[in-house]
Ligand SMILES: NC(=O)c1ccc[n+]([C@@H]2O[C@H](COP(=O)([O-])OP(=O)(O)OC[C@H]3O[C@@H](n4cnc5c(N)ncnc54)[C@H](O)[C@@H]3O)[C@@H](O)[C@H]2O)c1
């Protein structure tokens, strides 16, 4: 799909990996709708990008909120043919710890934001994509979801996070099969350690020690590198139904 013919809904677009994707896509000629709960940051990014971007205050755990964002995007840009899902949270709690068992509320919260929120967003975007005229490849749309290497090598305390990301990986092939009829592709990106606001508060020593665990190159990933891969997925018609690790070959111990 050509980026200059793309209208993308990007969740989590106010920060980190999502924001880098918003900027990359707009640079390539796309128009984007930033779906995020952080209105201050989301409005700021959208206003920097002028007419190519809108901000929609969306909580991905709320169906009506996503539906309003989709309606606002359709009104502004007339179509949706890409959806990149980056909204998500990370938490740490062991299955059993000094305080007792993992709280069920926290487990459900992570699944609700990371997994159900991703499904609910692309489900409603697909409804619009299915109405598009297919391009010369027969494509009507493309979905890019964000898992994590924690889907495969989750560490201590990541039971809820890993379960949510494993669910995103698991959806990839069946959704590709479900949506082939409509000419809609889907791929999942599984990032390793990326330098986003999540890491900014940790201090240089922690960043150095994490960087040392990466096989090559020995550094954290930059959000722009995530954005570049998301763009490649949108632009490459033969990429479908696959989860792609972008991680400098790190395997978390
Ligand atoms: N940074 C990393 O190293 C890394 C590694 C693997 C996977 N990931 C995944 O990538 C995604 C983006 O991570 P990031 O590092 O850019 O994080 P980030 O915190 O910088 O950005 C996440 C964005 O999602 C938004 N968000 C959170 N909950 C939301 C909700 N309910 N509705 C709408 N928006 C919501 C936040 O407001 C924020 O703008 C997440 O799914 C994360 O799990 C990140």
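General remarks:
- Residue check: residue 99 meets all listed conditions (1) within 9 Å of the ligand (Cβ to nearest atom); (2) free of Cβ contacts under 8 Å to residues at least 12 places away in the same chain but one, namely (1).
- Of everything in segment 55-76 that is more than 15 Å from the ligand (Cβ to nearest atom) and closer than 17 Å to residue 30 by Cα, the residue that is surrounded by the fewest Cβ atoms within 10 Å (Cβ to Cβ) is 75.
- Residue pairs meeting the criteria (Cβ under 6 Å; at least 6 apart or on separate chains; first within 23 Å of residue 22 (Cβ to Cβ), in segment 223-251; second at pLDDT below 95 and in a loop (DSSP other than H, G, I, E, B)): 223/196
- Per this entry, residue 166 is not counted among residues that are at positive phi and within 15 Å of the ligand (Cβ to nearest atom).
- Tally, over segment 1-24, of residues that are more than 15 Å from the ligand (Cβ to nearest atom) and in contact with a strand residue (DSSP E or B) (Cβ under 8 Å, 6 or more places away or on another chain): 4
- Residues being exposed (fewer than 14 other Cβ atoms within 10 Å of the Cβ) and either without any contact (Cβ under 8 Å) to a residue 24 or more places away in the chain or over 26 Å from residue 104 (Cβ atoms) (or both) - total across segment 132-157: 5
- The residue that is farthest from the ligand (Cβ to nearest atom), among those in segment 169-203 that are under 23 Å from residue 137 (Cα atoms) and exposed (fewer than 15 other Cβ atoms within 10 Å of the Cβ), is 181.
- Check on residue 46, assigned to a helix (DSSP H, G or I) and either within 15 Å of the ligand (Cβ to nearest atom) or in contact (Cβ under 8 Å) with a residue 40 or more places away in the chain (or both): yes
- Checking 52, 33 one by one, the residue that is in contact (Cβ under 8 Å) with a residue 12 or more places away in the chain and surrounded by fewer than 18 Cβ atoms within 10 Å (Cβ to Cβ) is 52 and no other.
- The set of residues in segment 129-151 that are touching a helix residue (DSSP H, G or I) at 6+ places or on another chain (Cβ under 8 Å) and under 20 Å from residue 240 (Cβ atoms) comprises 129, 130, 135, 140, 141, 142, 143, 144, 145, 146, 147, 151.
- Filtered residues of segment 116-145 (kept if part of a loop (DSSP other than H, G, I, E, B) and under 14 Å from residue 178 (Cβ atoms)): 130, 140
- Among the residues of segment 77-92, those that are within 13 Å of the ligand (Cβ to nearest atom) and buried (at least 24 other Cβ atoms within 10 Å of the Cβ) comprise 84, 85, 86, 87, 88.
- Complete set of residues in segment 1-30 that are more than 14 Å from the chain's Cα centre (by Cα), buried (at least 18 other Cβ atoms within 10 Å of the Cβ) and outside any helix (DSSP H, G or I): 1, 6, 7, 30
The values are calculated or read from the model by the stated rules, or taken from the named source; none is laboratory data. Worth saying up front: this structure is predicted, and the values here are computed from it rather than measured. Using ideal geometry, Cβ is built from the backbone for each residue, glycine included, and neighbour counts are taken over all protein chains shown.
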